[in-house]
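Enquirer: Below: one structure in structure tokens.
The values are calculated or read from the model by the stated rules, or taken from the named source; none is laboratory data. Remember, it's a predicted structure, so these values are computed and weren't measured experimentally. Every residue, glycine among them, receives a Cβ derived from its backbone with ideal geometry; neighbour counts consider all protein chains shown. Heavy atoms of the whole protein, side chains included, go into the accessibility calculation; ligands, DNA and RNA do not. Shrake-Rupley method; radii C 1.70, N 1.55, O 1.52, S 1.80 Å.
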Amino acid sequence: MRRLALLGSLLAVLIIVTSCGRHATVSEIAVVPEPVFVLQKEGSFTIKDNPRISLVGLGQNSPTARYVMSSLRHGHLHPSMVASGKNSDIEMVILDTANPELGEEGYLLEVRSSGVRMSANTERGLFYAYQTLIQMLPPDARRIHYRAITLPECTILDYPRFEWRGAHLDVCRHYFPPKFIKKYIDVMALYKLNRFHWHLTDDHGWRLPSERHPKLNTIGSWRVYRDDQPWGEAEPPREGERATYGGFYNKEDIADIVQYAAERGIEVIPEVEMPGHVCALLAAYPQMACDYRGNKNEVNPYQVQIGPYWPPKAILCAGKDSTLIILGDILDEVLDLFPSSRYIHLGGDEAFKDNWEQCLKCQRRIRVERLRDEEELQTWFMAHMAAQATARGKQVIGWDEVVSETLRNNGDELADTLEGIITPPHSSLLTTNFIAMAWRGQQLGVEAAKSGHKVIMCPTDYCYLDYYQANPLFQPKSIGGMVTLEKAYSFEPVPVGTDSAAIQNILGGQCNLWTEYINTPSHAEYMFLPRMLAISESLWSPADRKDWNRFRRKIEEQKERLSARGYNYCEGSFEPQFTARRVDDHTMNISISTEVPNTYIFYTTDTSTPTRKSNIYLGPINLERGTHIKILPVYKDQERDTVYEYVIK
């Protein structure tokens with residue numbers, strides 16, 4: 001059995017590496033995301049462990065040059081810089097005359113018998129070219145010192161399909177240290193993602209520093225410790241119990257992370273939730289709520305939340321001018337923390353308005369502003385805050401609830417299910433300036449794009465990486481749902497049938513990692529890897545270059561690369577997948593596979609429970625209709641899933 005497993009592993013690796021005296025020969029190219037064009041040739045070039053690097057149009061102290069030198073050293077190489085025009089092993093060139101096909105992020109990578117040449121219009125393009133080169137090296141190069149690596153001659157022309165290729169991380173439910181944030185950014189960069197959506201405020205913690213409103217940190221950043229109890233079963237705080245669990249990022253942390261991301265071609269987009277999901281904010285400043293007057297003996301009804309609660313009725317009072325003033329002051333601080341970010345995310349989702357319905361000040365605001373109802377009050381509130389960000393030169397993003405008021409005013413049938421936060425037609429503020437992040441379904445995103453909004457696709461059924469990715473019986477506790485690697489890979493940001501006008505408004509997409517059930521960096525890695533790679537290929541590669549079978553083979557090599565870099569990951573789903581072909585009226589020809597290559601499938605057809613001594617699936621089999629087949633998946637000599645039972649129909 002071990003010999004069979006070893007043979008299967010060797011046959012399945014798309015980049016086959018042989019080593020003799022630490023000299024590796026790479027015979028095939030397995031890059032994620034899949035490039036636009038790859039032409040592999042007969043020749044080769046060998047990179048020694050002391051490669052000479054030359055730069056054309058790129059300074060030696062530029063972020064990319066520093067990154068390349070540091071990265072090669074981490075790969076146990078000893079690079080040196082040589083002057084342009086001298087013999088070099090790796091040449092990196094910013095083109096004098098821009099190649100319009102490459103755009104801002106594209107590149108041309110050529111491996112010739114004389115060396116490696118990377119060229120691009122911009123430093124960003126060269127950075128991505130280098131990420132491709134790194135993925136052409138042996139996957140264990142971070143662990144093993146190869147004295148020489150022979151690469152196949154090839155030409156790779158590449159550029160992204162979408163401009164927005166994002167990854168979201170929730171640090172509110174559980175605080176993750178700056179070191180891990182950088183590790184998250186590193187893996188984004190390796191797979192050419194370029195937007196880091198940082199979810200920084202919510203009911204369970206306020207992670208931004210504030211000098212003007214210090215209670216946001218002394219109170220809002222901390223909750224009572226309950227991580228020793230299941231998320232959905234944690235007991236409420238006891239009287240007098242100290243809040244000791246949490247934390248926040250200081251100014252230096254944020255500046256360092258923003259710079260770190262920028263050097264890797266990644267823009268950081270901060271998110272500040274409003275008007276709902278604000279328990280942490282109201283725990284610090286309850287006067288911003290509808291019904292809190294701050295009487296001397298009155299107990300603050302709000303606290304930083306411990307676990308789940310539904311519905312989340314805590315909401316900022318839209319009727320108090322003082323709320324708008326304080327929130328505006330907070331927003332100014334946030335904008336100051338992220339001066340280079342072109343975007344800010346203002347949340348806007350799941351705002352339950354029960355308090356507004358009972359609040360005299362909110363009802364007065366509705367009358368004075370001549371609004372129709374509480375939904376338009378949210379529109380007014382968000383438009384007010386968005387105007388402040390827009391005045392500072394920022395583009396404003398909100399969850400897909402931002403489009404609902406526009407759709408309602410257009411008579412769209414989807415509007416009845418949505419809450420609105422985009423300015424109605426009678427207002428001069430922000431009609432379509434909100435970028436909508438479509439999380440509740442792609443059709444909603446398409447309708448938003450039709451109505452003139454820019455849209456980022458991140459539907460739950462493809463892009464939510466807090467969902468289970470395999471049989472829940474064999475996985476860590478999750479929030480629910482199921483997004484396997486194959487499901488994530490099937491993500492298509494532009495659904496079939498989308499009209500050309502709407503397509504122009506779809507900026508791209510992203511994967512989202514919410515962390516209710518994820519409280520450690522290792523668990524977070526397990527949830528976003530390798531599914532992040534599937535989303536990456538869906539956003540970068542041309543649709544006609546995507547191939548599931550090729551991708552699943554590439555993932556096996558990428559797992560080894562991720563392991564060498566110290567990442568944790570999920571092996572994938574081992575649930576059997578069937579393809580049935582009719583042979584005759586009584587017989588079907590059955591093909592069986594799993595998401596994970598090299599999985600051995602043991603089966604029985606006599607109702608007995610299969611073991612590793614049962615029949616092993618080696619290829620398509622003919623079975624009579626009505627046959628009960630039971631299947632046991634085995635991977636790396638371990639039983640990785642339950643026994644599955646099917647009836648052939």
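Enquirer: Two decimals, Cα atoms only, Kirkwood Rh: what is Rg/Rh over segment 558-649?
Expert: Radius of gyration relative to Kirkwood radius: 1.06.
Enquirer: A follow-up question, please. Among bridges DSSP assigns within the chain, what percent are antiparallel (round to 5)?
Expert: Working: 51 of 97 bridges.
Looking only at bridges with both residues in the chain, the antiparallel portion is about 55 percent.
Enquirer: Longer than 19 Å from Cα to Cα, which of Lys48/Lys192; Lys182/Lys251; Lys353/Lys454; Lys215/Lys353 are they? Say none if no pair is.
Expert: Over 19 Å Cα-Cα: Lys48/Lys192; Lys353/Lys454; Lys215/Lys353.
Enquirer: Could you give me the percent of Cα pairs per 10 Å distance bin for the chain, shortest bin first, beginning at zero and ending with the bin that holds the maximum distance?
Expert: Values per bin, smallest distances first: 3, 14, 23, 23, 18, 12, 5, 1, 0.
Enquirer: Quick one: if the Förster radius is 45 Å, what FRET efficiency do Lys636 and Glu42 give, using the C-beta to C-beta distance and rounding to 0.05?
Expert: It comes to 0.80.
Enquirer: Still on this structure, I have one more. Read phi for every residue in segment 57-69 and hand back ³J(HN,Hα) as whole Hz from Karplus 6.51 cos²θ - 1.76 cosθ + 1.60, θ = phi - 60°, with x for Gly and Pro.
Expert: x, 9, x, 5, 9, 5, x, 5, 4, 5, 4, 4, 5
Enquirer: Find how many whole Å separate the alpha carbon centroid of segment 205-233 from the alpha carbon centroid of segment 60-88.
Expert: Between the Cα centres of segment 60-88 and segment 205-233 lies a distance of 43 Å.
Enquirer: Ok, one more. Amide H neighbours of Thr515 under 5 Å, counting only residues 5+ apart in sequence or on other chains, H built in-plane at 1.01 Å?
Expert: Amide H to amide H, under 5 Å and 5 or more residues apart or across chains, Thr515 pairs with Asp170, Arg173.
Enquirer: I've got another one for you. For segment 105-198, what's the radius of gyration and Dmax over Cα atoms, in angstrom?
Expert: Using the Cα atoms of segment 105-198, the pair Rg, Dmax is 16.1, 53 Å.
Enquirer: Go ahead and run the numbers for FRET between Arg212 and Arg22, Cβ-Cβ distance against an R0 of 51 Å, rounding to 0.05.
Expert: On the way: r = 57 Å, r/R0 = 1.13.
Plugging the Cβ-Cβ distance into 1/(1 + (r/R0)^6) gives 0.35.
Enquirer: Using the Karplus curve 6.51 cos²θ - 1.76 cosθ + 1.60 with θ = phi - 60°, work out ³J(HN,Hα) for each residue of segment 502-509 in order, rounded to whole Hz, and write x for Gly and Pro.
Expert: Listing the rounded values in order: 5, 4, 4, 9, 8, 6, x, x Hz.
Enquirer: Can you give the accessible area of Phe474, probe radius 1.4 Å, in Å² rounded to 10?
Expert: My reading of the accessible area for Phe474 is about 100 Å².
Enquirer: In a shell of Cβ-Cβ distance under 10 Å around Glu595, excluding Glu595 itself, what net charge do Lys and Arg (+1) and Asp and Glu (-1) give?
Expert: Within the 10 Å Cβ shell, the charges total -1.
Enquirer: Hey, can you grab everything whose amide H is under 5 Å from the amide H of Val268? Only 5+ residues off in sequence or another chain; H modelled, so Pro and N-termini drop out.
Expert: Amide H neighbours of Val268, under 5 Å, 5+ apart: Phe196.
Enquirer: Return the sequence-ordered ³J(HN,Hα) values of segment 137-142 in whole Hz as given by the Karplus equation 6.51 cos²θ - 1.76 cosθ + 1.60 applied to θ = phi - 60°, using x for Gly and Pro.
Expert: 7, x, x, 9, 5, 6
Enquirer: OK, next. Leaving out ligands, DNA and RNA, and with a 1.4 Å probe, what % of the accessible surface on the chain is carbon or sulfur?
Expert: Carbon and sulfur together cover 49 percent of it.
Enquirer: Ok, one more. Amide H of Trp206 versus every other amide H placed in the peptide plane: which residues, excluding those fewer than 5 positions away on the same chain, fall under 5 Å?
Expert: Hits under the 5 Å cutoff: Ser221, Trp222.
Enquirer: Right, next: With every protein chain present, what is the per residue accessible area of segment 32-133 (1.4 Å probe, Å²)?
Expert: Ligands and nucleic acids excluded, the figure is 45 Å² per residue.
Enquirer: Related question: For segment 541-616, build the charge dipole from Cβ charges (+1 Lys, Arg; -1 Asp, Glu) around the Cα centre, then report which of Ala564, Thr605, Val583 sits farthest towards its positive end.
Expert: The one lying farthest along the dipole's positive direction is Ala564.
Enquirer: Counting pairwise Cα distances across segment 283-371, what percent come out greater than 22 angstrom?
Expert: Cα-Cα pairs in segment 283-371 separated by more than 22 Å: 38 percent.
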